[in-house]
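Written out below as structure tokens is the structure these notes cover.
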Amino acid sequence: MKVTNLLFSSLLMWGGLASCTTNVVKVPASPYPISHDAFAVDTLAQGFTIPYGIAIVSENEYFITDRVGKMFHFKAGTLTEINGMPDVATFGIPSLRAILHGGLMDISLHPDYATNAWIYISYLAADGFAKVARLNVQDHTATQFEPIFATRSQNYTGNGMRIVWEDDTHFFLNVGNSNFSTSTNPVLNAQDLHDDAGKIHRLMDDGSVPPDNPVFEGFGGPTTIWSYGHRDVQGLFFEQSTRTLFGVEHGPKGGDEFNIIEKGKNYGWPLFSYGINYDGAGVSTLSEDSAATFTVLPEYYWTVPTDDGGQAIAPACLLKVDNSTIADWNNSFLIGSLAYRRLMKYNRQTNETFGLTLEGRVRTIKQLPSGDLIALIERNDLTKANGLVVKIHD
């Protein structure tokens, strides 16, 4: 069955369009034209708070993380929680001034998973350090748990940690840095190469430093840092055919970025941004022309115009679609918009952005071996764990 916008909303009620309770978060109107592409949606699993990462073993078998610190195994319709996961720092810890989400984030399989069974996870540990660990799973329990990376400083302002593989032995990792920086009070962690926040890291599969990583001025050798000056990259996609790393990045109030991420480059935060701070204050300390002389400006950026200076779309994930069963999506990038609570489609050739009729805060979207797509959608009712894993197909 093809799902139209109205039917999809009424069937799943994600946006609270048919609900009178104030606990159900409504879906705002799309800031971009709706592309009424034909697709169907099947719910595979539910009962999540913020399902964040998914590792695809096969067409019908996955590992899934929930940001609250839980990991699940899904196989042929059965969902089972994995025991032995690390303690994480996330919402509602009274002793901490603020945690911008944190928790258990991405999950990824080693490219040679069929042989070594390594599963990689990224998380904000209970001690406040952003970490990556690898583990095996036996009898629904984490075994051989091995932390392989930790930031040098606590990172309570790091929202996004994605893992994408470059090849069989190297992976990229983003560590966010969503500090409230203004032009009069710049917070320069992302520019500080002694701080791991606001960076893309490139690591070997055992967590060691690749010898061909960049060597920055003042350093005697390579570190894990691949690029810097990032605010909060929440979507990473590595295109194998062109060897290109793409990222979508949260601006502050507007100025969300689409970047091509290259070795050793400075992406400017907080020295320059097309967004403004949440209180309306300026962010940039440099003009666009000055920033262009030594930082990489985004290939494209999104600011939705508003009466008070603009609104972010808040991109949460990134996938370039190829050989999908949904022909209208092939060669486009799909982006989950947290602010507008829907999936969006971006055409890099024309710079056109469209809203899609898949509603909800889409945290992750990936492609299955068949060409169908799978999406993780966080809860829409603040009193319930009703997040979903859905399959999208023609």
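The values are calculated or read from the model by the stated rules, or taken from the named source; none is laboratory data. Because the structure is a prediction, the values reported are computed rather than measured. Remember, those area values only see protein heavy atoms, side chains included, never the ligands or the DNA or RNA. Shrake-Rupley method; radii C 1.70, N 1.55, O 1.52, S 1.80 Å.
What fraction of the DSSP beta bridges in the chain is antiparallel, stated in percent and rounded to the nearest 5?
Of all bridge pairs located within the chain, approximately 95 percent are antiparallel.
Could you check how much of the accessible area of the chain is carbon and sulfur, as a whole percent, using a 1.4 Å probe?
Roughly 50 percent, rounded to a whole number.
With the calculation restricted to Cα positions, what are the radius of gyration and Dmax of the chain in angstrom?
Cα radius of gyration and Dmax of the chain are 19.9, 61 Å respectively.
Send over a whole-number figure in Å² for the accessible area per residue of the chain, probe 1.4 Å.
40
Filter the cross-link list 70/253; 70/366; 26/391; 263/391; 26/253 down to pairs whose alpha-carbon distance in this structure exceeds 26 Å.
70/253; 263/391
Any lysines with Cα under 22 Å of the residue 265 Cα? List them, leaving off those in the same chain fewer than 8 positions away.
199
What does the helix-only formula give at 222 nm for the chain: each DSSP H stretch with n ≥ 4 adding -39500 (n - 2.57), the total divided by the residues, and the result rounded to the nearest 500 deg cm²/dmol?
One gets -1000 deg cm²/dmol as the mean residue ellipticity at 222 nm.
Can you give the translational diffusion coefficient of segment 274-362 in µm²/s, computed by Stokes-Einstein from the Kirkwood radius over Cα pairs at 20 °C and 1.002 mPa s?
Translational diffusion coefficient: 144 µm²/s.
Quick check: the distance between the Cα centres of segment 192-233 and segment 298-330, to the nearest angstrom?
Answer, in whole Å: 27.
To the nearest 10 Å², what's residue 162's accessible area with a 1.4 Å probe?
Roughly 10 Å² of residue 162 is accessible to a 1.4 Å probe.
Just read off the accessible area of residue 61 with the full protein assembly in place, 1.4 Å probe, to the nearest 10 Å².
30
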